[in-house]
Amino acid sequence: MNAIVNPILRGFNPDPSILRVGGDYYIATSTFEWFPGVQIHHSRDLRHWRLLTHPLTRKSQLDMLGNPNSGGIWAPCLSYSDGTYYLVYTDVKSHLGPFKDTHNYLVTAPDIMGPWSEPVYLNSSGFDPSLFHDEDGRKWLLNMVWDHRKGRNHFGGILMQEYDESRRKLVGPIHNLFRGTELGLTEGPHVYRRGGYYYLLTAEGGTRWNHAVTMARSESLFGPYEVDPANPILTSRHDPGLPLQRSGHGDLVETPSGEWYMVHLCGRPLKASRMCNLGRETAIQQVEWTEDGWLRLKGGGREPRLMVEAPADLPEFRFDEPAHGTGMDSFDGETLGVHWNTLREPADESWLTLRERPGFLRLRGRESFSSAHGQSLLARRQQAFAAEAETVVEFEPDTYQQMAGLVYYYNAKNWYYLRISRDEELGKSLAILTCDRGVYGEPLEREVSVDGWDRVYLKLTLDYERAQFHYSADGSDWKAVGPALEAGRMSDENAETVRDGFLLDQGFTGAFVGVCVQDLSGARKHADFDYFAYRETEEDAETP
């Protein structure tokens, strides 16, 4: 079998929206508080994918300073009509407690590579927007509606309103198309027109272990919508042994020869801890239409498969770039590579520069990990269970309030940090700082002196459940530092905190590795990084 191996987008690439334009396939995924906003991957055979671009690259398009952990970009939707690419997305300003502040926007571009427009504000009634282009030329925005009232179904249904392109605004009445099935938590809507029906695909059951894809249809766009009697059409909820868990939030694409595929969100838990430190990923399944007009996984069943038959009409197409951006970044150019990310704001020469010392990344120290504003942190996704990250830093701190180093980061409350700082007795020193659900720790009994070292080499090795830091004076002779830490703690499952039945914290992202500098004195002390290497060491990434 000419097979596609799942997941096709590994490591924190959730909420996929797929689009075909000619012979090119694109998938847009959520980025939450990470900048630039929205990842767009590209393929020509549905098997091999590369990270192509990010459409939201300017603060005028996406201003996330102050956004909470796992706020920002939720569930973008990519579409195309009459020579124009459309992207709708939510910028979430709050998501804990009874209220959610969810602002929906639209940007457009003549080419997938841009330039992407300034945003058009749409509404704030809920999240997971999508734009449906009907055959008559009218355009309709869909999103779930959030109902904050006590005793109500907070997932209050799928709203639809017309978008007037000439006036650049929503117009006319708001329709509640579908209030969901008994699975509840109805979100992630997409509408398709096929034959005599409008099909409404939704995500239900929540994005954890009960996640699912459900389908309904109507002869009228405005409903009423008939629920598929076989719902859910995709889920992992009944079999905790499946390698692809948390399956849901789907979207459909048709190949030129009429084959149909569904991309969907999934997660791969580590076996011992059952935590998904790679975050929510994107997989693909082959689907087919039955004689009575319903959608089913090809081959039957509703459970996601690791191996899926590739389209017969699409020849294999491999990209020249290494998978997941693996390899060495020597910081020799004037711009950052496509796999790099910053928190909540674009990189700015005032705190991140490749020009001030050519061949080095210079970061100026700003705020701590606790801040939702000015962090000097540059990171990339962990995309394999067995991987390593390595860097070398030149840094001369004057005080213990100045720190720089290598970080394994999930969010502001969950991270491991191998940092260089200054100790009154040891001089320049090395230590590990940790934060687990907001509880701060320092696992070393005594810091390691690196006083007099011009350069300090730092490494993190990730081996499924284990995360181990190392340091070196020359980049060859490495010494482990500190205990092996639990890699699974950098996950949605660990971030979620419930007390007395109340949700106190939650997360939707995944683990990152990167470099950072803090200067809590306000002096903006800088550190120079000569390179950053990310390598994946597992031979078979199908299962953890």
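Assorted remarks:
- Residue pairs whose Cβ atoms lie under 6 Å apart, separated by 6 or more positions or on different chains, with the first residue in the stretch 173-198 and closer than 17 Å to VAL213 by Cβ and the second of a type in the set (Asp, Glu) and crowded, with 17+ Cβ neighbours inside 10 Å, are LEU183/GLU204; LEU185/GLU204; THR186/GLU204; GLU187/ASP128; GLY188/ASP128; HIS190/ASP251.
- Selection status of THR102, at pLDDT 95 or above, farther than 25 Å from PHE502 by Cβ and in the same structural domain as PHE32 (by TED's automatic domain parsing): no
- Scanning the stretch 378-388 turns up at least one residue that is aliphatic (A, V, I, L, M) and closer than 16 Å to ARG344 by Cβ.
- The single condition among (1) under 22 Å from THR57 (Cα atoms); (2) buried (at least 21 other Cβ atoms within 10 Å of the Cβ) that GLY365 does not satisfy is (1).
- For the residues ASP91, ASP24, ASP128, ASP45, the requirement of being within 22 Å of ALA283 (Cβ to Cβ) and surrounded by 23 or more Cβ atoms within 10 Å (Cβ to Cβ) singles out ASP128.
- Here GLU334 meets each of (1) part of a loop (DSSP other than H, G, I, E, B); (2) touching a Ser or Thr at 6+ places or on another chain (Cβ under 9 Å); (3) not small (Gly, Ala, Ser) with one exception, condition (2).
- Subset of the stretch 402-433 [of a type in the set (A, V, I, L, M) and either closer than 28 Å to MET275 by Cα or buried (at least 19 other Cβ atoms within 10 Å of the Cβ) (or both)]: MET403, ALA404, LEU406, VAL407, ALA412, LEU418, ILE420, LEU430, ALA431, ILE432, LEU433
- Qualifying residue in the stretch 161-168 (condition: under 30 Å from GLU118 (Cβ atoms), in contact with a Gly (Cβ under 6 Å, 6 or more places away or on another chain), among the charged types (D, E, K, R) and assigned to a strand (DSSP E or B)): yes
- Residue that is farthest from PHE12 (Cα to Cα), among those in the stretch 264-297 that are among the basic types (Lys, Arg) and in a loop (DSSP other than H, G, I, E, B): LYS271
- Selected residue (criterion: farthest from the chain's Cα centre (by Cα)) from residues of the stretch 292-322 that are aliphatic (A, V, I, L, M) and over 28 Å from ARG193 (Cα atoms): MET307
- Meets criteria (in the same structural domain as ASP82 (by TED's automatic domain parsing), part of a strand (DSSP E or B) and surrounded by fewer than 20 Cβ atoms within 10 Å (Cβ to Cβ)) for HIS148: no
- Taken residue by residue, the stretch 89-97 has at least one member that is charged (D, E, K, R) and either touching a residue at least 60 places away in the same chain (Cβ under 8 Å) or in a strand (DSSP E or B) (or both).
- Cβ-Cβ distances below 6 Å connect no pair with a first residue in the stretch 233-245 that is not assigned by TED's automatic domain parsing to the domain that holds LEU270, a second residue that is surrounded by fewer than 20 Cβ atoms within 10 Å (Cβ to Cβ) and assigned to a loop (DSSP other than H, G, I, E, B), and a separation of six or more residues or different chains.
- Within the stretch 213-227, residues that are free of Cβ contacts under 8 Å to residues at least 40 places away in the same chain reach partners that are among the aliphatic types (A, V, I, L, M) with beta carbons closer than 7 Å, at six or more positions or on different chains, in the pairs THR214/LEU183; THR214/ILE233; ALA216/LEU200; ALA216/VAL227; GLU226/ALA216.
Matching residues to (1) assigned by TED's automatic domain parsing to the domain that holds ASN494; (2) closer than 24 Å to PHE32 by Cα; (3) of a type in the set (Asp, Glu):
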| position | (1), (2), (3) |
| --- | --- |
| ALA372 | yes, yes, no |
| GLN375 | yes, yes, no |
| ARG381 | yes, yes, no |
| GLU396 | yes, no, yes |
| THR399 | yes, no, no |
| MET403 | yes, no, no |
| VAL407 | yes, yes, no |
| ALA412 | yes, yes, no |
| LEU418 | yes, no, no |
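- Scope the stretch 57-92; condition within 30 Å of LEU504 (Cα to Cα) and aliphatic (A, V, I, L, M); matching residues: LEU62, MET64, LEU65, ILE73, ALA75, VAL88, VAL92
The values are calculated or read from the model by the stated rules, or taken from the named source; none is laboratory data. Note that this is a predicted model, so its numbers are computed, not measured. Cβ sites come from the backbone with ideal geometry, for glycine too, and all protein chains shown count toward neighbours.
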